[in-house]
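The structure under discussion appears below in the form of structure tokens.
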There are 2 protein chains.
Amino acid sequence: MKAEIIAVGTEILLGQVVNTNATFISEELADLGIEVYYHSVVGDNPARLENLLQIADERSDLVVLCGGLGPTTDDLTKDVVAKHVGQNLVEDYAGRKELDAFFTKAKREMTPNNLRQVLIFEDGIALPNETGLAIGIFYQSATTAFLLLPGPPSELRPMFLHHAKPLLEEKFPQTDQLISRVLRFYGIGESKLVSQLADLIEKQTNPTIAPYAKPNEVTLRLTVKAPDKAMGMKLLDETEAAIKKEVGEYFYGYGEENSLEAVVVKLLQEKNCSITAAESLTAGQFQATLANISGASKVFAGGFVTYAKEQKEKLLQIDAALLQEYGVVSEACAKAMAKNARKIIGADYALSFTGVAGPDELEGQAAGTVWIGLASETEVTAHLYHFTRDRAYVRHSAVMAGLDLLRRAVL
Amino acid sequence: MKAEIIAVGTEILLGQVVNTNATFISEELADLGIEVYYHSVVGDNPARLENLLQIADERSDLVVLCGGLGPTTDDLTKDVVAKHVGQNLVEDYAGRKELDAFFTKAKREMTPNNLRQVLIFEDGIALPNETGLAIGIFYQSATTAFLLLPGPPSELRPMFLHHAKPLLEEKFPQTDQLISRVLRFYGIGESKLVSQLADLIEKQTNPTIAPYAKPNEVTLRLTVKAPDKAMGMKLLDETEAAIKKEVGEYFYGYGEENSLEAVVVKLLQEKNCSITAAESLTAGQFQATLANISGASKVFAGGFVTYAKEQKEKLLQIDAALLQEYGVVSEACAKAMAKNARKIIGADYALSFTGVAGPDELEGQAAGTVWIGLASETEVTAHLYHFTRDRAYVRHSAVMAGLDLLRRAVL
């Protein structure tokens, strides 16, 4: 089974947008055992897209197109592919209902061009868009399957994972099953993880081990080819055990759609514990990250953003003399913030974040210097970090480090 | 001048590496006034690369290849292109000297395969590699120019900027400059913006107008071709004025790297005003968003995350009876949160966020129902929104709506 991916969008050819959709789809198709032979990008130009379609139709069994499904006249993918395969466009009933519901709820007037987003090939299968309005389309011609997906990653990813992937799995079953398992690690860099596992990654062919670095974490995707699920799981278990023997202390959870905050919120729920925070450096980002998780309200009642020194005194009742003596980027301040926040809110645990986001120094300390305090019923500790790169990365690193401190404390 | 970019590397087709080289080169070629019509990616496979070269040679004037210049047998770009254009490979004198010097300095033995990295087409121009060993190549055939660059971005970027770019500028001087301007809009959907500007977008060829939807905002990129900068700016000014006549009320700023929070923080600084917030629904995300901007501390001292009802009473001193009577997702609660937060912190403005992030209902109100309160010295108002989609989107929409309310109030 030969597949290729065509991204449609002038913004990619201008270098304004990186083609991460091709990366995502490639990874997912590999997971299905479908090999990708080519990526292409073409602008919002019907003649050039048709040209590319002719080439792709001839050389591939599956052509995945992303982008150009929106409401404007720039969005031409559907029209060009429909013409190429000789299909009429008709309105998709379910998609139209969603569209109407959206505009009713948003109390906005629907302009006629929005209807373009719910047109489908007369013999196509519609793929629902959970996070947007433009439906996706699957269509099988005599020789080639076409899959049309929306351009924004926030729409493409859920559509692929929840609708396109199961469909491809059903339409194109590969003789051996491919089973994947994603292991997530925090606290170890990709190159270090890979060098510690070098032997294993080198020797190992089934399952394969693919490392992938994300901001502040690394995942390993184990993919096994096996005649049945039981055999596949057994092989995955063995490889997982071998990996954990080397780097198990950094492992925190499973799954592509998991996250450190999801693991932490679940753990707090299980242990029936609550958390609060006092944030300077991160200015609310830790608390907002917890609240990403539905059900966070069960473990989190509220907390403080104390960006300026005087608000640390006022909201957290920290002694002005302490801040004067040690400064706000200090062990003493981090401890006082966590201790007092825990007491005021009445939570089991409290984290505090104080440091230098940059780009400038603060109190003579370099950008990236961060103290994280952790208060529980029995003790108050503070931990010093030196993060690198830009402001956004320093703050994200601090949030992740705080989540990990909390996870280890609650465990 | 039609250009295209071919990246060679199986790791890209497996989704292990993102093709950021194509993005970088596209941006740089646009800067030279050279238009990029296609990107392609192909694996380390001679037959498929030759196939792609035939297509590219026919349709483009300049073909940029990246990757596959290294020492291993996987690295086949040079051989395949040399064969395609009928050139012999010979050793590049300067490249060989650098290679020898490297191994002498590193005190490592040079294996013979390293010599592959300094081979050049007999009629090619060598491009020095400042950060690696594989030289780049420029070669002009009767119909098409080929530019071969190394795959690692740390080698490709300096080679392009310091050697390839000046060479392309000299070989292919463009009479016209390309100048871009990005306009940013909040509060209007892409489809509505485009339908209001339909005539303009349709008629307009220089500058072109390209809409692009981001979560909760839309940008328009105007790109003009002009013989000189003054003429270009004049044309851009005219088109911008015509656009603003239609949708000016939604315009909030310029530039690809700008944002609503950056505009708001700058505006508060200019007006010498301060802001605080009390966040329920958004749980710190509004305050964290402000702090994305370096210098936010000048206008933001701190605030509250009051996720649970009892913390609204405790931290914000809101009357329990009020919350009992109206509920937390209410105009009364939003107003009380903003009013009290402003007073406690001592800020000029305060925003409050309370609502239903979802997926479940709250107090009988649907997911997506959001009240945003705004308190200033002279008045306290509250604004009702009905956002759609998932939890993350509802919260992001609320943060953006709050920023826009504040921007309009301060203006």
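Residues in region B:377-403 that are within 22 Å of residue B:348 (Cα to Cα) and either part of a helix (DSSP H, G or I) or away from chain A (no Cβ under 14 Å) (or both): B:377, B:378, B:379, B:380, B:381, B:382, B:398, B:399, B:400, B:401, B:402, B:403. When each of B:130, B:109 is tested for being touching a His at 6+ places or on another chain (Cβ under 8 Å), part of a loop (DSSP other than H, G, I, E, B) and of a type in the set (Asp, Glu), the lone residue that passes is B:130. Only one of the listed residues (A:30, A:56, A:82, A:101) is of a type in the set (A, V, I, L, M, F, W, C), more than 14 Å from every other protein chain (Cβ to nearest Cβ) and in a helix (DSSP H, G or I). That residue is A:82.
Condition test on residue B:289, is it β-branched (Val, Ile, Thr), surrounded by 24 or more Cβ atoms within 10 Å (Cβ to Cβ), within 14 Å of chain A (Cβ to nearest Cβ) and in contact with an Asp or Glu (Cβ under 9 Å, 6 or more places away or on another chain)? Answer is yes for this residue. Considering only region A:304-315, I want to know if a residue exists there that is at positive phi and free of Cβ contacts under 8 Å to residues at least 40 places away in the same chain. Scanning region A:304-315 turns up no residue that is at positive phi and free of Cβ contacts under 8 Å to residues at least 40 places away in the same chain. Determine whether residue B:239 is of a type in the set (Ser, Thr, Tyr), part of a helix (DSSP H, G or I) and modelled with pLDDT of 95 or more. Criteria met by residue B:239. Return the only residue of A:17, A:36, A:41 being assigned to a strand (DSSP E or B), touching a Gly at 6+ places or on another chain (Cβ under 9 Å) and modelled with pLDDT under 95. Just one listed residue meets the conditions, A:36.
The set of residues from region B:154-198 being away from chain A (no Cβ under 12 Å) and without any contact (Cβ under 8 Å) to a residue 40 or more places away in the chain comprises B:154, B:155, B:158, B:159, B:162, B:163, B:164, B:166, B:170, B:171, B:173.
Looking across region A:344-360, just one residue is more than 20 Å from residue A:403 (Cα to Cα) and in contact with a strand residue (DSSP E or B) (Cβ under 9 Å, 6 or more places away or on another chain), and that is A:344.
Residue B:187 meets each of the listed conditions (1) at pLDDT 90 or above; (2) out of contact with any strand residue (DSSP E or B) (no Cβ under 7 Å at 6 or more places or on another chain); (3) of a type outside the set (Val, Ile, Thr); (4) not in a loop (DSSP other than H, G, I, E, B) apart from (4). Close Cβ contacts (under 6 Å, 6 or more residues apart or on different chains) running from residues in region A:8-20 that are more than 7 Å from chain B (Cβ to nearest Cβ) and closer than 13 Å to residue A:67 by Cα to residues that are part of a helix (DSSP H, G or I) and not hydroxyl-bearing (Ser, Thr, Tyr) comprise A:17/A:11.
Scanning region B:33-53 for residues that are facing another protein chain (nearest Cβ under 8 Å), of a type in the set (Val, Ile, Thr) and under 19 Å from residue B:164 (Cα atoms) gives a single hit, B:36.
Residue-by-condition table, conditions (1) assigned to a loop (DSSP other than H, G, I, E, B); (2) small (Gly, Ala, Ser); (3) farther than 22 Å from residue A:380 by Cα:
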site	(1), (2), (3)
A:329	yes, no, no
A:333	no, no, no
A:340	no, no, no
A:344	no, no, no
A:347	yes, yes, no
A:353	no, no, no
A:357	yes, yes, yes
A:367	yes, yes, yes
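Scoring residue A:128 on the criteria (1) in contact (Cβ under 8 Å) with a residue 40 or more places away in the chain; (2) within 30 Å of residue B:188 (Cα to Cα); (3) of a type outside the set (D, E, K, R) leaves a single failure, condition (1).
Residue-wise test of (1) closer than 25 Å to residue B:391 by Cα; (2) surrounded by 22 or more Cβ atoms within 10 Å (Cβ to Cβ); (3) within 12 Å of chain B (Cβ to nearest Cβ).
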{"position": "A:264", "(1), (2), (3)": "yes, yes, no"}
{"position": "A:284", "(1), (2), (3)": "yes, yes, yes"}
{"position": "A:294", "(1), (2), (3)": "yes, no, yes"}
{"position": "A:300", "(1), (2), (3)": "yes, yes, yes"}
{"position": "A:311", "(1), (2), (3)": "no, yes, yes"}
{"position": "A:342", "(1), (2), (3)": "no, yes, no"}
{"position": "A:356", "(1), (2), (3)": "no, yes, yes"}
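When residue B:12 is tested against (1) under 22 Å from residue B:143 (Cα atoms); (2) within 31 Å of the chain's Cα centre (by Cα); (3) β-branched (Val, Ile, Thr), only condition (1) is not met. A residue that is at the interface with chain B (Cβ under 8 Å from one of its Cβ atoms) and in contact (Cβ under 8 Å) with a residue 40 or more places away in the chain occurs somewhere in region A:60-70. Only one residue in A:406, A:374 is within 20 Å of residue B:305 (Cβ to Cβ) and not in a strand (DSSP E or B), so which one is that? None of the other options fit; the residue is A:406.
The values are calculated or read from the model by the stated rules, or taken from the named source; none is laboratory data. What you see is a predicted model; the values in this text were computed from it and never measured. Note: ideal-geometry Cβ built from the backbone for every residue, glycine included; neighbour counts use all protein chains shown.
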